[in-house]
Amino acid sequence: MSKHSNGLPKRCVITIDGPAGVGKSTAARLLAQRLGLVYLDTGATYRALAYAALQQGVALDREPQLARLARALPLRLSQTRNGALVVWLGSRNITRPIRTERVTEAAAAIAQHPRVRAALVQLQRRLANSTRLVAEGRDTGTVVFPRAPLKFFLTAKARIRAGRRRAEMQSLEGRSPALPVILKQLKARDQLDRRRHVGPLVKPAGAVVLDTSSLDAEAVVERMLRHLPEILVASIR
Ligand code: C5P
């Protein structure tokens, strides 16, 4: 078994899945930073494709066109010095525009198409370009990296998730719908994510479940770090 300086094995994929607003992105970014691993936000690939489709006027129910667009998507992810994700489409920085309400809804819609998912899963594995990473999304532990030695599934009460989403929208767009409206949108997206036939949102077998309702991101990461020895055990099995 070859090891790096932080004591982790060469193959070290940690997956974090869960519905919107459970704090996946922040926890994944912090965890990756702490461990010196690559951070992969798979939701950003759905958002980037949705953004490109809206820009190019491709209807969100046109699966073949969307899949073609996904296969040729000039997407690149980078990180700032403090670990924040930067999303590029060609030479355009689309980090902020992909977080708008319109793109959020469009991303959930295109994520229903099996052929789109297949193309984006390929893209995600390519973007990972590393066997040492923290991947975050809805199906990273079940479909994208099913052999990951350590998987987390985050949950939180719906009202709390809606509150977090509202705060995010306020800071991004300077405004946001009322809490009941956000709660309704969130539940509708949850249903879409849980009920689809391909890559649905489910707890991966063997995943550690963490309820983040009363935990901040630091506390979530602390709990995650307690499970690190499981990676070492898996790597010598
Ligand atoms: O996580 P985020 O909110 O950025 O994801 C945007 C949308 O992309 C989600 O609502 C979900 O429908 C879809 N998605 C997915 N599978 C993933 C990541 C995101 O279906 N692995």
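The values are calculated or read from the model by the stated rules, or taken from the named source; none is laboratory data. Because the structure is predicted, anything quoted here is derived from the model rather than measured. Using ideal geometry, Cβ is built from the backbone for each residue, glycine included, and neighbour counts are taken over all protein chains shown. All accessible areas refer to the heavy atoms of the entire protein, side chains included, with ligands and DNA or RNA removed. Shrake-Rupley method; radii C 1.70, N 1.55, O 1.52, S 1.80 Å.
Do we have any residue at all in region 118-129 that's among the charged types (D, E, K, R) and under 26 Å from K187 (Cβ atoms)? Spell out the reasoning first.
Quick first cut of region 118-129, residues among the charged types (D, E, K, R) only: 125-126.
Next, from what is left, pick out any that are under 26 Å from K187 (Cβ atoms): none.
So far as region 118-129 goes, no, none of its residues is among the charged types (D, E, K, R) and under 26 Å from K187 (Cβ atoms).
Among the candidates R147, R132, R159, R164, which residue alone is surrounded by fewer than 20 Cβ atoms within 10 Å (Cβ to Cβ), closer than 20 Å to L228 by Cβ and out of contact with any strand residue (DSSP E or B) (no Cβ under 6 Å at 6 or more places or on another chain)?
Values: R132 fails: out of contact with any strand residue (DSSP E or B) (no Cβ under 6 Å at 6 or more places or on another chain); R159 fails: closer than 20 Å to L228 by Cβ; R164 fails: closer than 20 Å to L228 by Cβ.
Only one candidate qualifies: R147.
Conditions: (1) open to solvent by less than 50 Å² (accessible area, probe 1.4 Å); (2) touching a residue at least 24 places away in the same chain (Cβ under 8 Å). E173 meets all but one. Number of the miss?
Result: E173 fails condition (1) only.
What do you reckon, is G21 of a type in the set (G, A, S), touching a helix residue (DSSP H, G or I) at 6+ places or on another chain (Cβ under 6 Å) and open to solvent by 10 Å² or more (accessible area, probe 1.4 Å)? Steps first, answer last, please.
Details: of a type in the set (G, A, S): yes; touching a helix residue (DSSP H, G or I) at 6+ places or on another chain (Cβ under 6 Å): yes; open to solvent by 10 Å² or more (accessible area, probe 1.4 Å): yes.
So G21 fits the description; yes.
Looking only at region 91-98, decide whether some residue is in a strand (DSSP E or B) and farther than 26 Å from D211 by Cα. Don't jump to the end; show me each part of the working.
Going through region 91-98, the residues in a strand (DSSP E or B) turn out to be 92-93.
Add one more test, that the residue is farther than 26 Å from D211 by Cα, and what stays is 92-93.
Looking through region 91-98, at least one residue is in a strand (DSSP E or B) and farther than 26 Å from D211 by Cα.
Select from region 69-124 the residues that are basic (K, R), in contact (Cβ under 8 Å) with a residue 12 or more places away in the chain and more than 12 Å from the ligand (Cβ to nearest atom) and list them in ascending order.
Correct list: R71, R76, R96, R102, R115.
To keep it simple, each residue is scored yes or no on (1) open to solvent by 70 Å² or more (accessible area, probe 1.4 Å); (2) at pLDDT 95 or above.
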position	(1), (2)
A28	no, yes
T42	no, yes
L54	no, yes
R62	yes, yes
P74	yes, yes
T80	no, no
W88	no, yes
V116	no, yes
A119	no, yes
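Taking only pairs six or more apart or across chains, which ones have beta-carbon atoms under 8 Å, a first residue in region 212-230 that is closer than 21 Å to G21 by Cα and polar (S, T, N, Q), and a second residue that is outside any helix (DSSP H, G or I) and open to solvent by 80 Å² or more (accessible area, probe 1.4 Å)?
Going by the 8 Å Cβ cut-off, the qualifying pairs are S213/K157.
Only residues that are under 19 Å from the mean Cα position of the chain (by Cα) and among the basic types (K, R): list them for region 159-211, please.
R161, R164, R165, R166, K187, R189, R194, R195, R196, K203
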